[in-house]
Structures are given as structure tokens and as C-alpha cells.
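First the structure, in the form of C-alpha cells, and then the observations on it.
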């Protein structure tokens with residue numbers, strides 16, 4: 001079984017203590033996002049093929065990776081590094097620190113464990129196409145050698161994404177757009193050429209309508225990459241959590257929505273930042289589920305913890 005931790009929230013940035021406690025316990029409970037019913041997920045080494053971590057700030061979690069390695073768990077870090085202005089990413093670690101984090105992953109554990117994500121690509125008056133050309137090339141230059149792949153996607157305009165963007169645009173006085181399919185295809189080819197010039201494989205996540213000869217279909221939950229870092233053959237089953245939209249293998253996600261504190265203007269996983277703050281403040285790191293009492297139909301216990309960010 002492959003564990004995803006997590007595309008629903010940022011466990012390495014905010015919930016690393018809970019994760020380590022659940023690893024020691026050998027299991028966790030996960031709330032089904034559709035019907036709300038909890039189910040148990042084993043985290044014992046004999047049941048786990050490996051972990052895929054998704055994050056925008058690995059700083060608080062870095063030492064826990066060594067624990068995973070010592071205990072024999074293979075893992076991959078998918079690190080979103082965009083270098084966007086604060087109007088779009090209010091609490092995300094700086095690009096410079098994020099680059100340093102990913103370099104350390106490559107240096108300590110090998111570059112196959114490190115994947116750079118440049119997503120979502122968001123076109124605004126603050127981040128127009130020219131911004132992305134310069135920004136992507138700068139980041140690709142700085143990350144070359146620390147990873148062998150960059151995964152990209154254009155922002156998906158979900159209902160929550162649009163609502164957050166309208167709110168942020170009004171507050172910070174910028175405009176945004178969803179480019180045409182032709183614009184996206186042409187621009188992705190440009191970025192692919194930049195990536196290839198820097199020695200990076202260029203992959204597109206769950207937007208197969210824009211694939212071309214220059215652009216690979218992303219496999220974010222990738223059993224081949226996991227097999228490489230594990231040193232043995234790992235078998236997986238398709239399709240993954242997004243069905244036929246992507247090339248991922250099946251995994252079990254242990255995160256929960258409405259719990260990420262990054263406050264990104266394009267967020268799809270949080271109804272409001274206030275709701276995420278309340279979740280964090282009431283979160284019980286000793287609970288079986290990241291969702292704590294919400295999942296177990298019992299009260300949440302305040303942890304009296306102040307928010308802290310490793311910037």
C-alpha cells in the first residue's frame with residue numbers, strides 16, 4: 001500500500017507531530033471526504049510500500065525524514081515551489097528556503113526522492129506569462145541537479161478557487177484570467193523547452209488535453225520512482241485517485257480538507273483560512289485521526305498552541 005501525505009493538506013508543514021505519533025502507533029484513522037465515515041489505515045512497515053509527501057514547506061518535517069529512512073520506509077517528497085508574490089501565497093515559505101530544503105533532500109537521501117512541482121500556473125496581472133518565463137527559468141536553474149523532474153499544471157478553476165481568487169484580487173488590487181486552451185498548450189511547450197535545457201523532465205499533471213510530443217504525462221504517485229529509492233520492485237494498480245485524468249497509481253491519502261494554513265489565493269482544499277486556523281488550533285496531535293473528534297464523533301480538544309511558521 002502506498003500512502004499519500006497529503007494532497008488534501010500540508011502534513012509536513014503543519015501536522016508532522018501527529019504523523020510521527022501515528023507512525024509509532026502503526027495506524028491512523030482517515031475520514032472519508034464523501035460520507036464522513038472513518039476507516040483505519042495501517043502504517044506498519046510490512047504494510048506500507050512507501051510514502052509520498054506533498055508540501056510547500058518541508059522545514060518543520062526535515063528531521064522526520066531521517067526517522068523514516070532509519071525505519072526503512074521509502075519516501076518521495078513532491079515540493080511545490082512557485083516563487084509567487086505574497087498577494088497569491090500569503091504564508092508559503094520563501095522560494096530560496098524551499099530550494100534549500102529540496103537540495104538537502106537530494107543531498108541527504110538522493111535526487112530521486114525529490115520532485116519539484118511548479119503548480120498551479122496562475123495567470124494574473126502580478127504573474128503574467130513573462131513573469132512565468134523568467135521565474136520558471138530561475139527556479140529550474142537553481143534546482144537543476146537536486147531533482148530530475150518538474151511537474152506542472154495550470155490552475156483548475158473550481159468553485160472555491162474562483163471565490164478565493166475574487167476575494168484576493170479585490171483586496172490586493174490585481175486581476176486574473178483563465179487562458180484559452182491554445183494559449184496553455186503553446187506556453188507549456190515553452191516551459192518544457194526551458195526545463196529540458198536545464199536537464200529536467202517536464203511533466204503535466206492531470207491535464208491530458210494539453211499533452212504534446214514535448215510534454216510527459218505526470219505520474220505523481222509513481223511506483224517506478226518509489227521502486228528506485230526502495231531498491232526493490234514495487235507493484236501498483238491504476239488508476240489513481242483522479243481516475244483516467246492522470247497516470248498515478250493507487251494510494252491511500254491520510255489527510256483532511258479545510259486544514260491547510262498557507263492561505264493561497266488559488267486554494268481548492270480550504271473553504272476559508274479562518275476555518276483552517278480553527279481546525280489547527282483545536283487539532284489534537286495525539287488523536288488517531290488528523291480530523292480528531294470530527295472523525296470520531298467526539299469533541300475536539302484544544303491544544304492551546306500558537307501558530308508558527310518556518311519561513
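What follows is calculated from the coordinates using simple rules that are stated; it is not laboratory data. Note that this is a predicted model, so its numbers are computed, not measured. We place every Cβ from the backbone using ideal geometry, glycine too, and count neighbours over all the protein chains shown.
Specify the residue that is surrounded by the fewest Cβ atoms within 10 Å (Cβ to Cβ); the eligible residues are those in the stretch 221-255 that are closer than 30 Å to residue 278 by Cβ and touching a strand residue (DSSP E or B) at 6+ places or on another chain (Cβ under 6 Å).
252
Please state which one of 186, 214 is surrounded by fewer than 21 Cβ atoms within 10 Å (Cβ to Cβ) and either outside any loop (DSSP other than H, G, I, E, B) or under 20 Å from the mean Cα position of the chain (by Cα) (or both).
Unique residue meeting the criteria: 186.
Could we say that residue 99 is within 30 Å of residue 180 (Cα to Cα) and either crowded, with 17+ Cβ neighbours inside 10 Å or touching a helix residue (DSSP H, G or I) at 6+ places or on another chain (Cβ under 6 Å) (or both) here?
Taking the combined requirement at face value, the residue does not satisfy it.
For residue 202, state whether it is touching a helix residue (DSSP H, G or I) at 6+ places or on another chain (Cβ under 7 Å), under 25 Å from residue 124 (Cβ atoms) and in a strand (DSSP E or B).
Yes; evaluated as a whole, the condition is true for this residue.
How many residues are under 12 Å from residue 3 (Cα atoms), part of a loop (DSSP other than H, G, I, E, B) and touching a residue at least 24 places away in the same chain (Cβ under 8 Å) if we restrict to the stretch 15-59?
Of the residues in the stretch 15-59, 3 are under 12 Å from residue 3 (Cα atoms), part of a loop (DSSP other than H, G, I, E, B) and touching a residue at least 24 places away in the same chain (Cβ under 8 Å).
Being in a loop (DSSP other than H, G, I, E, B) and either within 25 Å of residue 222 (Cα to Cα) or under 17 Å from the mean Cα position of the chain (by Cα) (or both) is the filter here; which residues of the stretch 92-142 pass it?
92, 93, 94, 110, 122
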